[in-house]
Amino acid sequence: MATRFVNIENKLPASTALYYPAIAGGLSVTIGHFLKNMLYHTIGLFGNKGAREKASFTLQYPEVMRPLPRRLRTRHRIKVHEDGRPKCTACMLCETACPDFCIYITPSEHDDSPEEKAPLEFQIDLDRCCFCGFCVEACPKDAIHMDTQIMETSSDRRENMVLRLQDLVDPGPVVVSGPEFAGKDMHKVLPHLGMRKLDHIKPRRIDLSYRERQATEQGS
């Protein structure tokens, strides 16, 4: 069977080919939102709460953050006993229930505790975690929770996306920063911890950026 090629000419109308009507339409939408919000904010200055609630607003992120719902599933943590021992007994139920296979537990014997086992290593790979909460529901000891209210999990290295036992027992946000933050109080660099009533969280780890690590490795 012979192959036949057909040329189809798709001629656009002049208004579409110039793109000016589309640009004008987009600008009209943007200017309309701007004028509407300015009107609501102006009326709100005179005490009208209804207009103030309708107006859009901008938060100076990350210095200012919106409060998160208490039931929101955020970064994981492992609860501890009064003496500092993790409540986890390395029963492997959370690792089994995880649909993304992102939990890795190495159990060990625990002679100084009523529990026979304890985790020697407990890792959660946030790169693979879908924050489904199955691990929390599967835990028979109520040892793992997802209530840290920490959503900032980005990093420039995959290794930093893996939460280890110490990170889970003492959760703190991973800060990808440079030497300009060296020696500074991390609670001042990250004021949202106090705003979210997370003063018990102690930021500990500061990772250098990729370019700074490259310069350090090349210099050495």
Can you list residue pairs whose Cβ atoms sit under 7 Å apart, with the first residue in region 122-134 being over 8 Å from Leu163 (Cα atoms) and the second being of a type in the set (D, E, K, R) and not in a loop (DSSP other than H, G, I, E, B)? Count only pairs 6 or more apart in sequence or on different chains.
Asp127/Arg158
Residue within region 107-121 that is at pLDDT below 95, within 24 Å of the chain's Cα centre (by Cα) and either surrounded by fewer than 17 Cβ atoms within 10 Å (Cβ to Cβ) or part of a strand (DSSP E or B) (or both) present:
yes
Name the helices (runs of 4 or more DSSP H) wholly within region 127-195 that hold at least 2 residues that are at pLDDT 90 or above and either under 13 Å from the mean Cα position of the chain (by Cα) or of a type in the set (A, V, I, L, M, F, W, C) (or both)?
134-138, 165-169
Can you name every residue in region 68-106 that is crowded, with 17+ Cβ neighbours inside 10 Å and more than 24 Å from Cys132 (Cβ to Cβ)?
none
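The values are calculated or read from the model by the stated rules, or taken from the named source; none is laboratory data. Computed from a predicted model, the values in this text were never measured in an experiment. Counting neighbours? That spans all protein chains shown, and the Cβs are built from the backbone with ideal geometry, glycine included.
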